[in-house]
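Asker: One structure, as structure tokens, below. Some questions next.
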Amino acid sequence: MSRPQRVLGRMGAAEPDTVAPSPAPQLGGPVFLLLGVLGALLPALGYPWDWALWPLLLGLAAWERRPWAVAGAVLAGALAFASLHTVQARPDPLRPWLGAQVTLRGDWDGQFLTLHDPPARVALSPRPAERRGSIAVHGRLLPPRTRTVPGGFDQAAWLRSQGGLLTLAPTAVLVGAEVGAAQPSASVKGTVQGWFESGWQGLSPRAEALLRGAELGDRSDLNEMELSPGVTVRDAFQRSGLTHLLALSGQHVTLLVGALTLLLTRLPLPVWARYAVPVLFLLAYLGMVVNTSPSVVRAGLTGLLGLAALWLGRGRLDAASLVALVAAGLLICYPLWVITPGFQLSFLAVGGLLLLPRVLARLPAAWTRPGPPLWLTGSVAVTLLAQAATLPLIAGSFGGVPLSSLPANLLAGPLMALLIPLGFLAGLLGPLGAALKWPLELLSAALLWLAETFGRWPLLPWGAVGPAGYLAYGLAALAGVLWLTGRVRAPAALGTLLACMLLTALPPRLSPPRQLAFLDVGQGDATLIQTPELRALIDGGGTPRGDYDLSRTTVPALHSLGVHALDVVVATHSDSDHIEGLSGVLRAMPVGELWIGQLDPENAALAELLSVAEERGVPVRQVRRGDYVQAGGLRLDVLWPQGNFWSTEPNENSVALRLTATGRAGQTFRAALLGDLPAPLEHSLGLGRVDLLKSPHHGSRHSTSAALLQETGAREAVVSVGFNTFGHPSREVRERLDAAGTRIWRTDTQGTVLWPLPK
């Protein structure tokens, strides 16, 4: 009698490891179209490695014996490339007025000002209090800033990405924008959004801002609103792994369509109406209610195509093909979306969720029984898949991976399932929505409390992700997908994952960076000493007479450089353009010690910094000439102040430092970091010879004297400077540096300056 064979399936007696994964289906045609679009756009945008998509496409087409797919991919790629060329070739009608003081009149939609003559779009800084309408605004028209600091915001690239075949891209920024006249919006979308906002009146500012972001896609208030001192709503949601809840996305659209569908099933309607009504709802929602963003457009179009297919009797469409078709179509119309984090995160997360059925098939049957086990397992799997799919972007963009993401999302999910439909209903009712005030207030408060609570959890620190990191991630992800589809065994997939982790973790540990980083913080100072033995930040930038927190530039830069803790932070003196950003740095990461020179508690910026240091438990040390710290081959000496007397001029009390770095081969490098010290005191330091001089006081004519240059013999000088009305760096200083044969490095023209230290 032959031995009975084990039956594979999902029967209760089957063991978990006997589940046979279903064979992988053929790739849908839209997947090839998307590969063709990406293969055309990414190399054209400066990503040459992505030419590899074409051999991959050819290999897949040959493997599946579908030569027609190559022709379709080539056609889609040609359309995308032509669209990109059209968008990039558009002339800038505002170029003749760049740098001038102008008054502009146009339609303000809460994000950009649209002009009619000439036809153009402009970003406004600061953002006007008016939500939308026709406004006249005065300010200086400037070109947008590019990324000049590691991990910083590339304003120019982001503004370019806001345009496409159907929309003009903003080409300039009106700085110092002052609204002179304003009229309410007469557009359909403005009227509808105003009606929705009337339904949320009476709520607390936090709840109203949260609903405006979740229902309309307007997050402008949330970016600045504080939950606690120094912690904005955006920061809390980011650190807790709940950022996606603030972005109008597929989850929000699914909740609204799901609630509508559930209501329609209770009504005596013909079957076709159960699909037609949600289709009409989505069309109205996308066209007249929400602000356009990649995530909401992706979700809306995907829903429209899926519902239309069911309405026409075509059945459910293949999910991967549907998502790929929407992505390819959007990129042909808006080709620059391909390099925006919003588009990338949206589609990568959805791509990860497509693997959910295969993940559930790999789990024990007891974990996936209908009811609570499946709800819990499914929620956990959804969160982990979305995180795994977006890991390199999240880690590189935010400087770390939130460890609280799983519990935070499990608890926030039910709240959002109630808040989104209820908030939409209140907006739909307009002024009558006040009847729903209390449940909306409670749900919003609970969600904000979750974000604030889990936002206190630590992050898994991460630095910038380079090409090698993305390649390693891609190999590891491919191994995981092949295991889920039954193409490779678990040991091979696990071995690939571990090898990729090892290969990406070893290089920075075997050869850690040793460098000076002069960060571009505009008209201010921020210098990082980065070595394995010592990590010190001298000043953190600031905005005199401004309200922008420079730590939003400094902290991402530190994270991008792989710095997540500091041994020493130095506040050279009390000027806000040097120390205002340090409060956010102390809040964002562990700091061993804070050095200050003059203790001036009457100075507001210094008083706040000392208050934050006390709150965070950071020891404060008043340094004097002769103090120093030495770690390995690195020594940081304090040369000023002497501490015997204090000047009434803060610049004269600046902490002046000399850095000495000695390599293993005995080579020595010296740099002078002098804050805003004026020329008469430069001669009292006894600097001696140095290789690199950070020009004091941003290149003011009252500093960097000829005597100092002769004493130090510095061959290189760095000037930390930004747009200013002081004339920095002055003509006199530039002439003195040229006469001494000293090469000048400027952060306003060259961005962040990275200077290697001897190893």
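The values are calculated or read from the model by the stated rules, or taken from the named source; none is laboratory data. This one's a predicted model, so the numbers in the text were calculated from it and none came from an experiment. Cβ sites come from the backbone with ideal geometry, for glycine too, and all protein chains shown count toward neighbours. SASA here: full protein model, heavy atoms, side chains in, ligands and nucleic acids out. Shrake-Rupley method; radii C 1.70, N 1.55, O 1.52, S 1.80 Å.
Asker: Given H placed on each backbone N at 1.01 Å, which residues far from Leu227 in sequence or on other chains put an amide H within less than 5 Å of it?
Answerer: Thr232, Val233
Asker: For Arg127 and Leu510, what does the FRET efficiency come to when R0 = 60 Å and r is the distance between their Cβ atoms, rounded to the nearest 0.05?
Answerer: That pair, Arg127 with Leu510, gives E of 0.85.
Asker: Taking the Cα centre of the chain as origin, sum charge times position over the Cβ atoms of Lys and Arg (+1) and Asp and Glu (-1), and report the length of that vector in debye to the nearest 20.
Answerer: Working: 58 positive and 51 negative charges, 590 e Å.
So the dipole magnitude of the chain works out to roughly 2840 debye.
Asker: Of Gln193, Ala156, Ser204, whose Cα points farthest to the positive end of the dipole of the stretch 148-241 (charges on the beta-carbon: +1 Lys, Arg; -1 Asp, Glu; origin at the Cα centre)?
Answerer: Ala156
Asker: Let me ask you something else. In percent, how large is the relative contact order of the chain, given Cα pairs closer than 8 Å and 6 or more residues apart?
Answerer: 10 percent
Asker: With each run of n ≥ 4 DSSP H residues scored as -39500 (n - 2.57), what mean residue ellipticity at 222 nm is computed for the chain after dividing by its residue count and rounding to the nearest 500 deg cm²/dmol?
Answerer: Value at 222 nm, helices only, nearest 500: -13500 deg cm²/dmol.
Asker: Only bridges whose two residues both fall in the stretch 484-634 count here: according to DSSP, what percent of them are antiparallel, nearest 5?
Answerer: 45 percent
Asker: Now for a different question. For the stretch 640-725, what is the relative contact order in percent, using Cα pairs closer than 8 Å and at least 6 residues apart in sequence?
Answerer: Here the relative contact order equals 23 percent.
Asker: Are there any helices in the chain, counted as whole DSSP H runs, that stretch 27 Å or more along their axis by Cα and score at least 1.0 on average by Kyte-Doolittle, and if so which?
Answerer: Working: long enough: 67-88 (32 Å, 1.27); 372-398 (35 Å, 1.25); 405-429 (35 Å, 1.76); 490-510 (30 Å, 1.38).
Taking the DSSP H segments of the chain (at least 27 Å long, mean hydropathy at least 1.0), we get 67-88, 372-398, 405-429, 490-510.
Asker: What number comes out for the charge environment of Ala446, summing +1 per Lys or Arg and -1 per Asp or Glu over other residues with Cβ under 14 Å away? The partial results should precede the final answer.
Answerer: Details: positive: Arg206; negative: Glu441, Glu452.
Within the 14 Å Cβ shell, the charges total -1.
Asker: Placing +1 on the Cβ of each Lys and Arg and -1 on the Cβ of each Asp and Glu in the stretch 504-592, which of Gly562, Thr527, His573 has its Cα farthest towards the positive end of the resulting dipole?
Answerer: Of the candidates, Gly562 comes out farthest on the positive side.
Asker: Another question, then. Given charges of +1 on the Cβ of Lys and Arg and -1 on the Cβ of Asp and Glu, with all other atoms neutral, how large is the dipole of the stretch 552-702 about its Cα centre, in debye to the nearest 20?
Answerer: 720 debye
Asker: Can you list the lysines whose alpha carbon sits under 29 Å from that of Lys759, skipping same-chain ones fewer than 8 residues off?
Answerer: Reachable lysines: Lys694.
Asker: For a protection proxy built on the mean count of beta-carbon atoms within 10 angstrom, sort 462-475, 132-145 highest first, please.
Answerer: 132-145, 462-475
Asker: Could you tell me which residue out of Ala717, Leu482, Phe645 lies farthest along the dipole of the chain toward its positive end? Charges go on the beta carbon: Lys and Arg +1, Asp and Glu -1, centred on the Cα centre.
Answerer: Leu482
Asker: Ignoring ligands, DNA and RNA, please state the percent of accessible area on the stretch 608-724 from carbon and sulfur, probe 1.4 Å.
Answerer: Roughly 44 percent of what the probe reaches on the stretch 608-724 is carbon or sulfur.
Asker: Per-residue counts of other Cβ atoms within 10 Å, averaged by peptide: what ranking do you get for 400-411, 492-503, highest first?
Answerer: Details: 400-411: 18.9, 492-503: 14.8.
Answer by packing, highest mean first, reads 400-411, 492-503.
Asker: Quick one: length gained pulling Asp637 to Met288 fully straight, 0.36 nm per residue minus the C-alpha distance?
Answerer: 119.4 nm
Asker: Output the antiparallel fraction of DSSP beta bridges having both residues in the chain, as a percent to the nearest 5.
Answerer: Of the beta bridges lying entirely in the chain, close to 70 percent run antiparallel.
Asker: May I ask you to list the aspartates and glutamates whose Cα is less than 16 Å away from that of Lys437, ignoring any residue fewer than eight positions away on the same chain?
Answerer: Within the straight-line cut-off, Lys437 pairs with Glu197, Glu208, Glu215.
Asker: Please figure out what share of the DSSP beta bridges in the stretch 624-751 is antiparallel and state it in percent, rounded to the nearest 5.
Answerer: Roughly 60 percent of the beta bridges in the stretch 624-751 run antiparallel, per DSSP.
Asker: Using θ = phi - 60° and the Karplus relation 6.51 cos²θ - 1.76 cosθ + 1.60, list the HN-Hα couplings for the stretch 719-729 in order, rounded to whole Hz, with x at every Gly or Pro.
Answerer: Computed from phi, the couplings for the stretch 719-729 are 10, 8, 8, x, 4, 8, 10, 8, x, 7, x Hz.
Asker: Quick one: dipole size for the stretch 233-377, taken about the Cα centre, charges +1 on Lys/Arg Cβ and -1 on Asp/Glu Cβ, in debye to the nearest 20.
Answerer: 320 debye
Asker: Here's a follow-up. Sorting check: for 616-625, 716-725, which peptide has the highest mean count of neighbouring beta carbons within 10 Å, and how do the rest follow?
Answerer: Final packing ranking: 716-725, 616-625.
Asker: Additional query: Restricting to Cα pairs below 8 Å that are 6+ residues apart, what does the relative contact order work out to for the stretch 378-459? Please round to a whole percent.
Answerer: In percent, rounded to a whole number, it is 37.
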